[in-house]
Each structure stands twice: as C-alpha cells, then as structure tokens.
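*Asks:* Below is one structure. I have some questions about it.
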C-alpha cells in the first residue's frame, strides 16, 4: 500500500471488502482475502478489526452451532461505508472491486460446497459432501460415501465444488419435482 492507513481506514477497507464480495464470508475467507492473497490488512489486525466491527454492529455474525460463522456487512455498516468510503484510496477501491469480480464465485463455492474425509477403522475412508445454505450455513443437501483409498477420498472432495450443483439438481428433480 502506498498510503499509511489508520485503524478507521482499515475498518472501512474491511467493510468495503464485505460489501463488494456480496456474500457472507467465514473468518478464514476474510483473512485470506484481506491478508493472505492481498496485503490490504495485517492478519492479526484484521482479526481484531473484525471483532470490533461486530461489536459496533457494522458486521453481522450469525450464531451457528454446526458450522463456522459467516460474516456480512449490516445496514449500519453499509451506511457508514457510504459516508466514509472516500477515505479508502480510489486505486485500492478499484483493486478490491476487481478482486471481488474475479473471485466472488470461487469463494461462494468454497463456502457452500463443503467436503471432508476421514479414515475408518477398516482402512477405508468416509467422504462427507454437503451443500450449505449460504446465509445460515445449514445443510441443504448432504451425502456420505465410502472410498477405498485416501486418493479416491481426496479426489471426491476435489471434484465436489464443480459437480455439486448438477448432482443436487438431479437428485432434487428426481425426488421432489416428480
């Protein structure tokens, strides 16, 4: 960054990212976007700023028991941002805009199409594949399959993001719409 932002500007940057991504994001995704993939906000400061924005009511944190929380900008957060967004340099806003345009779908898929696997006592692997409701992180669809090897389990998890929509559509069409 060419400028030296203060704490308020960092908060505005975080609000701007949440606004432009247009989807609720996990803390891990927020940290990845703001700190790991881009050097917009220091990782530790980003965690602290997120907590401050939640406490002030500018970021919404739904409470979910089963999944990692997803954070989104509130109406008050949008109002604040609309008043002070010009404190974020235009070049940085353009950078964030482009990042959101290029990566929004990828982050959406990574948060909605969830997969994991674990080894069973018999040496086989259980693969859990789920589609989550975006705003509340509850299962819309879940399937559990067995794989004979770790490689097969890993491949199933890897493919899930690409095939989840068509599998869901097929099953829903066969089970619900007929």
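*Asks:* Per residue, how big is the convex hull around the C-alpha atoms of region 112-177? Give it to me in cubic angstrom, could you?
*Replies:* Spelled out: Cα convex hull of region 112-177, divided by residues, is 90 Å³.
*Asks:* Another one. If contacts are Cα pairs under 8 angstrom and at least 6 residues apart, what is the relative contact order of the chain in percent?
*Replies:* 19
*Asks:* Taking only C-alpha pairs under 8 Å that are 6+ residues apart, what is the relative contact order of region 7-111 in percent?
*Replies:* For region 7-111, the relative contact order is 36 percent.
*Asks:* Moving on. Using packing as a proxy for protection, rank 103-113, 118-128 so that the peptide with the highest average count of other Cβ atoms within 10 Å comes first.
*Replies:* 103-113, 118-128
*Asks:* Which option, [x] 15.9, 53; [y] 27.8, 97; [z] 19.1, 60, is the value of Rg and Dmax of the Cα atoms in Å that was calculated from these coordinates?
*Replies:* The value matching this structure is [z].
*Asks:* Tilt of helix 43-55 relative to the longest C-alpha principal axis of the chain, in degrees (0 to 90, nearest 10)?
*Replies:* The two axes meet at around 80 degrees.
*Asks:* Using only DSSP helix segments of four residues or longer, with each worth -39500 (n - 2.57), what per-residue ellipticity at 222 nm results for the chain after dividing by its residue count and rounding to 500?
*Replies:* After summing the helix terms and dividing by the residues of the chain, the value is -16500 deg cm²/dmol.
No value in this document is a laboratory result; all are computed from the given coordinates. Computed from a prediction, not measured in an experiment: that's the story for all the values here. Using ideal geometry, Cβ is built from the backbone for each residue, glycine included, and neighbour counts are taken over all protein chains shown.
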